[in-house]
Amino acid sequence: MNSNQDKQSKVVEYLRELDGISTHSMFGGIGYFQGDAMFLLVYDGKTYLRGGGELSEQFRQYQCQQFAFQKRIGCARVEYFEIDDLFDAQSDDFEVLLKRSLAFAHQDKDCRGQCRRLRDLPNLQLSIERMLVRVGVCDIETLNNLGAACVFVRLKQIYGQDLSLNLLWKLEGALRQIHYTLLDHRVKNQLVSQINRNQLDSY
């Protein structure tokens, strides 16, 4: 085991003491959630803690490296910062940063959960909201219940079979509360498979 994996394991072991922790695939790595709020990412043997606002500036003051998600063209930087060295130093500052990160993650999740209009979701501007309303998706609950693939099939029936897959990625990103460019290829492949099944079922 290399040093990065060893540090990662120590952080993950430490997290087991927290209540309500679950994991899901995110950004090509493993996302750690408390409830529905993601606060930590393990990627390529390194551990990244969620920032945001003033907290991100504090991570930068500690010279924590910001996570860059590699895409096919370029990369996208998200508000997660590597904290392995900080944890390894057994600094009291790590505890403070972890608590602030958790608080920010829950606060951000609660704020996003208060969205009432489709256009308030990530990726969904007014023009997309109007398209969704036309196929009977008038609110966030309906979009969530139907799922991105089913809604996209409905949209194709109205707007044509050559509708861009970018719209599908935007719908899924909206449901996941992330920018659509951050969806990994596994998720995209699953969505395309769901679309093919939905289209066959409609014949």
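Any read-out appearing in this document is the output of simple, stated calculations on the displayed coordinates, not a laboratory observation. Computed from a prediction, not measured in an experiment: that's the story for all the values here. FYI the Cβ positions are ideal-geometry reconstructions off the backbone, even for glycines, and counts take in every protein chain you see.
Which FRET efficiency value, to the nearest 0.05, is calculated for TYR159 and ALA68 with the Förster distance at 35 angstrom and r the Cβ-Cβ distance?
The computed FRET efficiency comes out at 0.50.
Specify which labelled value, from [x] -0.33, -1.23, -1.32; [y] -0.43, -1.19, -1.26; [z] -0.24, -1.42, -1.60, agrees with log10 I(q)/I(0) by the Debye sum over Cα atoms at q = 0.08, 0.18, 0.19 Å⁻¹ derived from the coordinates of the model shown.
So the calculated entry is the one marked [x].
Set the Förster distance to 30 Å, then compute FRET efficiency between ARG60 and LEU18 from the Cβ-Cβ distance, nearest 0.05.
The value I calculate is 0.75.
Rounded, prolate or oblate: which fits segment 16-58 when a ≥ b ≥ c are the square roots of the eigenvalues of the alpha-carbon gyration tensor, with rounded for a/c under 1.5 and prolate only if a/b beats b/c?
In terms of gyration-tensor shape, oblate.
So how far apart, in nm, are the two label points at SER25 and ASP184 if each is 7 Å from Cα heading toward Cβ?
Result: 0.6 nm between the two label points.
With all pairs of different alpha carbon atoms counted, what Kirkwood hydrodynamic radius in Å does segment 118-201 show?
Result for segment 118-201, one decimal place: 12.6 Å.
How much length would be gained if the chain were fully extended between ASP88 and ASN196, taking 0.36 nm per residue of separation minus their Cα-Cα distance, in nm to one decimal?
34.1 nm
Count the net charge of all other residues whose Cβ sits under 11 Å from the Cβ of VAL133, scoring Lys and Arg as +1 and Asp and Glu as -1.
Net charge around VAL133: +2.
Place the peptides 100-108, 138-146 in order of packing, highest mean first, counting for every residue the other Cβ atoms within 10 Å and averaging per peptide.
My ranking of the peptides, most packed first, is 100-108, 138-146.
Just to confirm a number: summing +1 for Lys and Arg and -1 for Asp and Glu over residues other than LEU155 whose beta-carbon lies under 15 angstrom from that of LEU155, what do you get?
+2
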